[in-house]
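What follows is a single structure, written as structure tokens, with notes after it.
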Amino acid sequence: MCSGAMCDILVTNELKRSITVLLCVARGTPIVSSDWIEESFHVGQFAETTEFLIKDVSFEEKYDFCLVDTLKAAKAKKLLEGFHIYTTRNVVPSARKMKGIIECASGNHISSLPKKRSGGDVIVVSSDKDLSDVVRRKAFGSGIPVVTSEFVLSGILKYDLNVEEHSMCNATEPRWYHCRKYFYLVAVTKYNTCGRRGRLRLRQRLDWIDTLC
């Protein structure tokens, strides 16, 4: 686990969207400038962090958030509490790093998907490289949201979870398309040796899926 997951205070003079910063933000850990060290040395004890929280206007404008507000929110309630999140193999940052961020925000990083969606708290974080990932197809077929890593990364900074904004079901590939594609792959495996009758059954089932999605 990165040291950012365990530190009580992070000292830096420039904000970057590094794993360490994300881990600290997820935990609500104060991020202060080096002036805090100088003040602590001057008074002979650890100074209060509130007055020394780093202010990086360009960084906050770039990612559209306010660090002070986000840290307050993170202290009050962890962002991913109650969420079960699966990451596909080519997600960026890596699954290992995503696991650390998710757990610092009190989310549960899972190694396999449940058979069906339960309570809307299961999320798959994926990437374009994993378009053919079996788990991702199963998620679409089960109605489990599949999102980009920005769902977590931007969500941590803004302290706001927006499934729709970061969904991998875009305008050209709505959810029914992925659902149909998943069942099509399963159906082809089952019926591709059944001749004309099998293909007719396949078409009937795909048409039926379209009425449900």
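A few comments on the model shown:
- Residue check, Asp69 acidic (Asp, Glu) and either modelled with pLDDT under 95 or in contact with a Gly (Cβ under 9 Å, 6 or more places away or on another chain) (or both): no
- Flag: Thr88 does not match the condition of being in the same structural domain as Arg27 (by TED's automatic domain parsing) and either crowded, with 19+ Cβ neighbours inside 10 Å or of a type in the set (S, T, N, Q) (or both).
- Test: residue in the stretch 25-41 that is of a type in the set (A, V, I, L, M, F, W, C), exposed (fewer than 14 other Cβ atoms within 10 Å of the Cβ), outside the structural domain of Gly155 (by TED's automatic domain parsing) and out of contact with any Cys (no Cβ under 7 Å at 6 or more places or on another chain): yes
- Picking from residues in the stretch 59-80 that are of a type in the set (A, V, I, L, M) and either more than 9 Å from Gly28 (Cα to Cα) or more than 19 Å from the chain's Cα centre (by Cα) (or both), the one that is surrounded by the fewest Cβ atoms within 10 Å (Cβ to Cβ) is Ala76.
The values are calculated or read from the model by the stated rules, or taken from the named source; none is laboratory data. Just so it is clear, the structure is predicted and the values come from calculations on it, not from any experiment. As a convention, Cβ positions derive from the backbone with ideal geometry for all residues, glycine included, and neighbour counts pool all protein chains shown.
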